[in-house]
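Trainee: Got a structure here, written out as structure tokens. Questions coming.
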Amino acid sequence: MFNDIGPLELVTIVVLAVLVFGPDKLPKVIQDVMRTIRKIREFSESAKEDIRQELGPEFKDFELEDLNPKTFIRKHLDSDELGLKEIRNGFDLKKEMAEVTDAVHSRETDASASSSGSGSSGGGRIDMTKKPEDPGTDERPPYDADAT
């Protein structure tokens, strides 16, 4: 409830309370404040219970905190009804990148082996490496009239 109050702020509040109410009235004020907080909690719990009874048995696990949009979304995304955990676990980026890297490196080694070997592409694989094409000495590149 008071997660954002630091020790210095707490000491300041205590000193102000002693100065305002005095040391002899301070215990009585603390008791009154605690009694009021207790009554407010009891009232809120009874109101929640009344709402649950009015909604019926199908809403027995209903929590009023779920009406907060952030809590509602977090609760439903954490449950595995949508299969999001399976999707999250099924997609491993490091694994995918390792497979792509292995595939690229194996093609480079296959391409170098096939070019030094019989000249076939090696097991039906397509050579995706760029090879410089040297036109013949007397061959001219094709003329494209639209390009000029």
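Trainee: Express the carbon and sulfur contribution to the solvent-accessible surface of region 1-81 as a percent, rounded to the nearest whole number, probe 1.4 angstrom.
Mentor: Accessible surface attributable to carbon and sulfur in region 1-81 totals 65 percent.
Trainee: While we're on this one: Enter the accessible area per residue of region 1-72 (Å², integer; probe 1.4 Å; all protein chains in place).
Mentor: Heavy-atom accessible area per residue stands at 91 Å².
Trainee: Shape verdict for region 1-63, please, from the Cα gyration tensor: rounded (a/c under 1.5), prolate (a/b greater than b/c) or oblate.
Mentor: The shape class here is oblate.
The values are calculated or read from the model by the stated rules, or taken from the named source; none is laboratory data. Just so it is clear, the model here is predicted, and its values are computed rather than measured. Side chains are part of the model used for accessible areas, which takes the heavy atoms of the whole protein and leaves out ligands, DNA and RNA. Shrake-Rupley method; radii C 1.70, N 1.55, O 1.52, S 1.80 Å.
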